[in-house]
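To start, the structure itself, in structure tokens.
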Amino acid sequence: MDLDILKEKWAEQDRKLDTGIRLNRRLLWAVNMNRLRSPLRRFSLFTAVGVGLGLISLVVLGQFIHAEWGEPRFWLPAAGLYVWVVAYVAASIRQIALALQIDYGKPIALIQKQIETLRLVRLRVVRWALLTGQVVWWVPFLVVMLKGIWDVDAYRVLGVSFLVANVAVGLALIPAAIWLSRKFGDRMDGSPAAQRLMADLAGFNITAASRFLATLAEFEREIPD
């Protein structure tokens, strides 16, 4: 066989092989991106369910406030709950938007940055929900629940001093918790237990997506171009 023809056939085989490799990598990328989308879709779905429950709560609280408008001692705690739920629903909608805006066609590093942004937003929401929730979802919720369901006056049954003391303790815990997190935050960053706690607070699905993407990035680095 002529040497030029042999070179041409060899080059043609190289082109076919290169095309096949690129196609296989695209297919592998598509499969991996689908695996990455699944936990983030679950996260969006579960968060959307929380939004739905929050909207239902707003309707119920709105009706309670309207019914008790002549009694500030009842509708004011309900108004506090209402504001908290509005803020939580708004924060949840933002998280859903961040999850849906992730562009899976971008390089892995950029996708990792988007997921990390979502994770940090989630952690901030959970942190402030816990800090403020222990105030809102104890005394105000108790007052509203007793009045709304059983028509019981919590101020008379439990006593005003008891309710005020619990609210004061809850409010005092907020700056104390913030101070402790800032004081010992650096030490906790290196703690495996603290890292597990942060992963749990961030949510299983976000953590799963983040870990899978890290594995995918490592795999991508090991494959030569």
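Restricted to the stretch 68-101, and to residues there that are in contact (Cβ under 8 Å) with a residue 60 or more places away in the chain and buried (at least 18 other Cβ atoms within 10 Å of the Cβ), the residue that is farthest from the chain's Cα centre (by Cα) is Glu68. When the test is whether a residue is charged (D, E, K, R), modelled with pLDDT of 90 or more and under 22 Å from the mean Cα position of the chain (by Cα), Arg41 does not pass it.
When you scan the stretch 52-61, do you find a residue that is buried (at least 17 other Cβ atoms within 10 Å of the Cβ) and either in contact (Cβ under 8 Å) with a residue 60 or more places away in the chain or in contact with a Cys (Cβ under 9 Å, 6 or more places away or on another chain) (or both), even just one? Taking every residue of the stretch 52-61 in turn, at least one turns out to be buried (at least 17 other Cβ atoms within 10 Å of the Cβ) and either in contact (Cβ under 8 Å) with a residue 60 or more places away in the chain or in contact with a Cys (Cβ under 9 Å, 6 or more places away or on another chain) (or both).
Whenever a residue of the stretch 128-140 is buried (at least 18 other Cβ atoms within 10 Å of the Cβ), it has no partner that is of a type in the set (Asp, Glu) and part of a helix (DSSP H, G or I) lying with C-beta atoms less than 6 angstrom away and at least six residues away or across chains. Of all the criteria given as (1) buried (at least 17 other Cβ atoms within 10 Å of the Cβ); (2) within 15 Å of Pro77 (Cβ to Cβ), the one not satisfied by Arg119 is (2). Being of a type in the set (Lys, Arg), touching a residue at least 60 places away in the same chain (Cβ under 8 Å) and in contact with a Gly (Cβ under 8 Å, 6 or more places away or on another chain): is that true of Arg122 here? So Arg122 fits the description; yes.
The values are calculated or read from the model by the stated rules, or taken from the named source; none is laboratory data. Remember, predicted model here, so these are calculated numbers, not experimental data. Positions of Cβ are generated from backbone atoms using ideal geometry, with glycine treated the same way; all protein chains shown enter the neighbour counts.
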